[in-house]
Each structure stands twice: as C-alpha cells, then as structure tokens.
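Some notes on the structure that comes next.
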Amino acid sequence: MGNNSKKPDQVVYNEDTNKYEAGLLPYATNSSAPKITPTDLTGWKNSNVSKVNHQIKTEYEELKQKYEKLMAQYEYNNLIYSAEFSFEPIVGEIYHLYENKKRKIFLSIISPNECNFDFKGSFKLNEDKMWVRLDSKGKLTLTH
C-alpha cells in the first residue's frame with residue numbers, strides 16, 4: 001500500500017498532517033470503542049437557576065425599596081421647596097412643615113407643640129440643600 005491508497009474506515013488518518021488521529025478525537029472511531037454518554041446536567045442547571053433567581057429577586061427587592069425611599073425623598077423635597085416660607089433655611093437646622101386652614105403648605109421654625117396648624121413633618125436641611133425627613137424625636141426616619 002502506497003501513500004495514496006485508501007485507508008480502512010475504522011482508522012482515522014489525517015491526510016493534511018499524514019498522521020493517525022483516532023486517539024485525539026472526542027468521539028468513537030469504530031464499533032468496539034466505549035460508548036460516550038453525555039453528562040446529565042439537568043439537576044445542576046435547575047439548582048443553579050433557582051439560586052440565581054433568588055439572588056436576582058433579592059437584588060430587585062433591595063432596588064425597589066431604594067427606589068421607593070428615593071421617590072418619597074423626592075416628593076417631600078419637592079413639597080418643601082414649593083411651600084411658603086419667608087426666611088432662608090440654615091443648613092443643619094430643623095424645620096417643621098404645616099398646612100394652614102386655607103390648605104397652603106408652609107415651612108416654619110415653630111415646633112408642632114407650639115402651634116395649632118396641621119403638622120406634616122419635621123425636616124432638616126443638609127449640606128447638599130436636600131431636606132431630610134425626621135421623626136417626632138428628631139431621629140432619621142427610614143420609611144416614608
């Protein structure tokens with residue numbers, strides 16, 4: 001048999017490299033080769049999909065809470081800046097938001113126990129000129 005003669009079917013011969021490559025192939029090259037069975041990854045996939053979905057849902061819930069808090073902050077900052085007041089608020093001071101009998105919103109330095117207007121909340125002006133909502137004890141409120 002010369003170099004150009006046909007090789008048997010069960011033998012894998014690469015004519016480009018002039019080498020037998022049966023042992024290098026990822027599949028069986030003859031009928032007596034061991035059976036190749038693909039690994040069942042269904043359990044692994046299902047387990048990891050569940051973990052990833054849980055992680056994404058948790059991150060989504062955290063973002064949703066941050067968004068709701070940010071929207072509440074936006075709403076009361078918008079309300080305060082559109083309220084009536086005849087003074088320039090000082091950074092770090094506490095102010096109180098009220099609604100009068102004519103349904104006008106106004107900002108005041110008078111505390112809720114010193115007046116009879118409809119109290120809407122206490123706020124503090126921070127360095128960024130953003131109003132921070134306070135609870136009745138002067139502590140930061142985490143919810144809106």
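Just one of the listed residues (SER108, SER122) is among the hydroxyl-bearing types (Ser, Thr, Tyr) and under 35 Å from the mean Cα position of the chain (by Cα), and it is SER122.
Within segment 63-86, being hydroxyl-bearing (Ser, Thr, Tyr) and in a strand (DSSP E or B) holds for no residue.
If you scan segment 116-144, which residues turn out to be at pLDDT below 90, in a loop (DSSP other than H, G, I, E, B) and within 22 Å of MET71 (Cβ to Cβ)? Once the filter is applied, which keeps residues that are at pLDDT below 90, in a loop (DSSP other than H, G, I, E, B) and within 22 Å of MET71 (Cβ to Cβ), segment 116-144 yields ASP135, LYS139, THR141, LEU142, THR143, HIS144.
Restricting attention to segment 87-115, the residues that are in a strand (DSSP E or B) and of a type in the set (D, E, K, R) add up to 1.
Take the residues of segment 15-51 that are in a helix (DSSP H, G or I) and among the charged types (D, E, K, R): which is modelled with the highest pLDDT? The extreme case among them is LYS51.
The values are calculated or read from the model by the stated rules, or taken from the named source; none is laboratory data. The structure presented is a predicted model; accordingly, all values stated were derived computationally and were not measured. Cβ sites come from the backbone with ideal geometry, for glycine too, and all protein chains shown count toward neighbours.
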